[in-house]
Each structure stands twice: as structure tokens, then as C-alpha cells.
């Protein structure tokens, strides 16, 4: 969804609040609109308001944890995630955000283990190929080298889509220029999303190959796409936080 749509939605929520101050779900919906617009302080406040009304929704703690993560309130975000995981130990979104927090702190082994828990606990009809690649990147960092054949063996074959293009880049079947050429294909939304992801994955390869300056530039461009709910954006933010002097 375009940012303008979230701005319109936020205006609608604010108008609604003037006429229905007791609207139970309003802070939850408005919190996600604030989050999409990267107003993380307002998102945190709205999610906190909704928790006061109904503390039973785990998705509200998830939203607040994400907002707190982007605000750099890692201890508070961790508290929200532990609340979720105490109720649902294999909650994928909570484990993934906890992995991002660990990445921001340089705990790559902990990040890998949280991603592995998601992969082993989930029973989807089709495996999450992106998550497989994230887990592989963590393993590569711990090993200090890329292992294209190991990743190739884990990924399902036969599906030709953007995710398959990402995989081809990571295993070295296509070069960086071809990767970004592929990212520029599709409609406006697809191109925005694909470029965001392409910047993250190229940043990780730069990092693995000992070029932190190029990695930092790629992560910043990933975040500039303004897609805070994307997995790639969260982990790009985590890497930039870790790279701060």
C-alpha cells in the first residue's frame, strides 16, 4: 500500500476518534497506521492504549515490540516478545523480531537459533524460502564464508519468481547488476518492494565479503524504501544499529 493510503487511513482514524472516543479497536488500527508511516513513538503509544483496554491480543504486543525495536528501546521490546513467547513459544513473528534484536547486538548465533526455531516448528504447505535464506546468511557469517551449495540444497526448486531471483544472487548464479535489473521489473509497488529487498541482500553479501561501507550504504537504501514491516527492513535496521561506532 502506498504511504498516501496510510496517511488517509490515519486521518480517518483520527476523525473517528473525535466521534467515538470509546471505540475499542481504534488504537490498534491507528497504531499500525502510525507504524507504516514510521511514526514509531505514536505507534507505541497507541498499542499501549489498546493493551490497557484488552491485554489478550498478542498481535498488539507484537506491534508495540516492533515500534520499540525501531525506537531503540530493545529491553522494552524484549519484554513484549517474552510476553508473547510465554503464551505461544513458537510464535514466528516474535521469534523473528527477537532474532533481529540479537543481530543488532552482534549475537549472530542467537539470531540463527531463533530463525532455526521458526523453521523447525512451522509446518507450512510450502517452506518459507526467505526464512531459509536468512538462516543460511546467519550460518555463513558464523562460518566466515559463503556456502552456496548448502543453501542450494535447502531451497525447493521449480518456482521462478522474485524470491528465486534472490536465491540465484545469493548462490552466485547471477551478478549484482543482473539482480538489480530484475528488481526493476514489475509495477510500481513490486519495484519498490523488490529494490528494498535487493538492497538488504546485497548489503549482506558486502558484509560477508568484508566491505562494511558498501553494506551500510545498501542497508540505508533498504530502509529508505519506507517498508518497516518488511523482514529485510527490520534486519537492515538491526545491522545499522550493530555497525554504529
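Every number in this text was worked out from the coordinates using simple rules, so none of it is lab data. This structure is a prediction, so every number in the text was calculated from the model and none was measured.
Using just the Cα positions, wrap the chain in a convex hull and report its mean projected area in square nanometres, one decimal place. Walk me through the intermediate numbers first.
Details: hull surface 55.2 nm².
Average projection, Cα convex hull of the chain: 13.8 nm².
Using 0.36 nm times the number of residues separating residue 76 and residue 45, minus their current alpha carbon distance, what extension gain do you get? Don't jump to the answer; show the numbers that get you there.
Details: separation 31, 0.36 × 31 = 11.16 nm, distance 1.30 nm.
Contour length minus Cα-Cα distance gives 9.9 nm.
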(Q) Apply the a/c threshold of 1.5 to the C-alpha gyration tensor of the range 70-127 and tell me whether it is rounded, prolate or oblate. (A) oblate
Q. Could you give the angle, 0 to 90 degrees to the nearest 10, between helix 58-71's Cα long axis and the longest principal axis of the Cα atoms of the chain?
A. 70
Q: Treat the range 122-230 as a sphere of radius equal to its Kirkwood radius over Cα pairs and apply Stokes-Einstein at 37 °C in a medium of 0.692 mPa s; give the translational diffusion coefficient in µm²/s, rounded to a whole number.
A: 227
(Q) If the elastic network links every pair of Cα atoms under 10 Å, which of 136, 213, 94 fluctuates the most in the Gaussian network model of the chain? (A) 213
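What is the gain in length, in nm to one decimal, between residue 229 and residue 213 on full extension, counting 0.36 nm per residue of separation less the C-alpha to C-alpha distance?
On the way: separation 16, 0.36 × 16 = 5.76 nm, distance 2.48 nm.
Contour length minus the Cα-Cα distance gives 3.3 nm.
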Q | Cα centroid separation - the range 169-235 against the range 66-102, whole Å | A | 24
Q.
With angles folded into 0 to 90 degrees, how steeply does helix 212-223 sit against the dominant principal axis of the chain? Use alpha carbons for both and round to 10.
A. 40
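How much length is gained if the chain between residue 157 and residue 174 is pulled fully straight, taking 0.36 nm per residue apart and subtracting their Cα-Cα distance, in nm to one decimal?
On the way: separation 17, 0.36 × 17 = 6.12 nm, distance 1.64 nm.
Gain on stretching residue 157 to residue 174: 4.5 nm.
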Q: Treating the angle as unsigned and between 0 and 90°, give the value, to the nearest 10°, between the Cα long axis of helix 74-87 and the longest Cα principal axis of the chain.
A: 90
Q. Which whole-number percent is the relative contact order of the chain (Cα, under 8 Å, 6+ apart)?
A. 14
